[in-house]
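Beneath this line is the structure, given in C-alpha cells, with notes to follow.
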Amino acid sequence: MYIGPTLTRSEPVLSQPGVRVWPPVRHGDLFDTAVRDGDTAVIIDGVYHQAPALRHKEILAAMGRGVRVIGAASVGALRAAELDTFGMLGVGAIYTSYAQGEISGDDEVAVGQVPDGDRESLTWPLVNLRHVLALARAAGIVDVARARWLLAALRGVYYPQRTTAAVRAVCQRQGETQFAGWLAEQRRRDPYFGDVKRLDALTAVRTALGGRGPTGVPLAPVMWDSAYFRGWSNHFSRSAVDGVELSTQDRVVYQQVFDGDFRERWAAFLAHRSRHPARGGEGLPLPERLQRACGGVLTAHRVFHPALDLRDEATLAVLLAGETRDDRASVARYAEARAAYRRERPGTAAVSDEVARRVLLQVWGCRPKALDAEASARGLISGAYAIETVKRLVPGYLDEAREATETREAARGRR
C-alpha cells in the first residue's frame, strides 16, 4: 500500500495481516525487489512535485510480471483512469470521475503535505471541496450557481496554499459566511467530513484484502519495454552481495572502467548476445553476423552496441565474471563518496567533463586520441559516453588517490 496524506498509518484496516505500508509512491518504487510477482500493489498517494513521479510504463511492467495493481483516491485514481484498459483496477468515486472525464488534471487531488512522519495533508484537494459543496447543496446551504462560483474561486488558490484558513478566507471574500460556518461545524463533529479521498482509499484497501481486483495477466513487453524503461530499470537495479546492497549499474560500470581484462569480457558479451538476441530473432555466431553487417572489415565493438538489461542474469554472468570481493567493497565506498559529494555541493554542477576525462586517461593508460577506441572496446560506445558514465565513480576514485598520497607522504615523514 503506497499511502501518505490520504490515510494515516493508524487506520485499523492497515494493520491487517499481509499488509505492507510504504510511503507515497515515486519513480522507481515498483522496481523494488520487495514487490514480488503475484503481489497486489495498492497505489493511493504519490509524489510528483518534490521528486519524479511514477511513470505509466513502470506500472505496465509490474503488471507484465504478474503484479496486481489497484489505484484509488489520489495519483492512484489518476493512473488507473489512464491504464484501466491495460488491466489496472480503478476503485472509487474519484477514479470514476477521472475515467468519465468529469474531472481532469493533477490539481484535483494534489495536496501540500508534511514531508515525513504520517505525511498528513496540510491543504484541501479540489475533489474534497467538490464533494463538500455537493453536500452543502443537498443540505440547502448553497444553490448550484453559488456552489460553482465558490468552487472556481477555491480552484484559483494554488494547491499547496489551499489550507483551511485559506478556504475560510475565500468564503468570506465571496460572502459565503453561512457555508463557512456550516463547514466548520460539520468538521467539528467529524474531522473526516467530506473526505472522499479517504473513503475511496479505504475501499481500495478492502478490495485488495478481499482478493478482488485484476488477475495480473502478463502483458507483452512491447507495451512497456522501451529504451527509457530499460534505462530506469538499470538505474534502480540493486543486488545484495556479501551482505551489502549495491547498485548493479555501479558494479558493471566499475568493471568497465577498472577491469584490465574487460575488453575480452565485452567481446564475450557481444558473442553471447549475437547467439541469443535480446528480443528474439535469428541467433548467429558473431563472425557471421559481423560479415553480414560490414563484410568483416570492422571490429565487433565498433559495429554493435546492444542495450544492456541488468535484470538479465546471463548478461551479468558475463559482464561481472572478473568481479572480486575487493571490487564490490570499492563499489560500496565509491557510492558513499558520491553521496557525500552531492551532500556537500547541493545544487551545484556534477563532476566536470575534464576531470572525468583525466581519470579515464590515467586509469586506462591511453593517449587522448585513443580514448574513443578504448571506450568502445569496453562497451562504453565512445569517449564522450565514457566520460559521462565514469562521473559516478570519480569522487570515490579521487578520495582513494588522496588517501594514497597522504599515506605515502606520512611514510616518507617517518623515515
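So here's what we get for this one:
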quantity: Residues located in segment 300-352, provided they are in contact with a helix residue (DSSP H, G or I) (Cβ under 8 Å, 6 or more places away or on another chain) and β-branched (Val, Ile, Thr); calculated: Val303, Thr315, Val318, Val331, Val351
quantity: In segment 244-286, the residues that are surrounded by 16 or more Cβ atoms within 10 Å (Cβ to Cβ) and assigned to a strand (DSSP E or B); calculated: Leu246, Ser247
quantity: Filter pass, Ser104 being surrounded by fewer than 16 Cβ atoms within 10 Å (Cβ to Cβ) and at pLDDT below 95; calculated: yes
quantity: Trp124 being in a helix (DSSP H, G or I) and on the phi < 0 side of the Ramachandran plot; calculated: no
quantity: Filter result for Ala411 (among the hydrophobic types (A, V, I, L, M, F, W, C), farther than 22 Å from Gly260 by Cβ and touching a His at 6+ places or on another chain (Cβ under 8 Å)); calculated: no
quantity: Criterion (in contact with a strand residue (DSSP E or B) (Cβ under 9 Å, 6 or more places away or on another chain) and either polar (S, T, N, Q) or closer than 26 Å to Gly396 by Cβ (or both)) met by exactly one of Arg343, Arg328, Arg333; calculated: Arg328
quantity: Those residues of segment 28-48 which are farther than 21 Å from Tyr95 by Cα, assigned to a loop (DSSP other than H, G, I, E, B) and not polar (S, T, N, Q), in sequence order; calculated: Gly28, Asp32, Ala34, Val35, Arg36, Asp37, Gly38, Asp39
quantity: Selection count where residues are surrounded by 15 or more Cβ atoms within 10 Å (Cβ to Cβ) and either over 39 Å from the mean Cα position of the chain (by Cα) or part of a helix (DSSP H, G or I) (or both), scope segment 287-301; calculated: 4
quantity: Some residue of segment 211-222 being part of a helix (DSSP H, G or I) and either surrounded by 17 or more Cβ atoms within 10 Å (Cβ to Cβ) or at pLDDT 90 or above (or both); calculated: no
quantity: Only one of His131, His49 that is at pLDDT 90 or above and either surrounded by fewer than 22 Cβ atoms within 10 Å (Cβ to Cβ) or under 19 Å from the mean Cα position of the chain (by Cα) (or both); calculated: His131
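The values are calculated or read from the model by the stated rules, or taken from the named source; none is laboratory data. Note that this is a predicted model, so its numbers are computed, not measured. We place every Cβ from the backbone using ideal geometry, glycine too, and count neighbours over all the protein chains shown.
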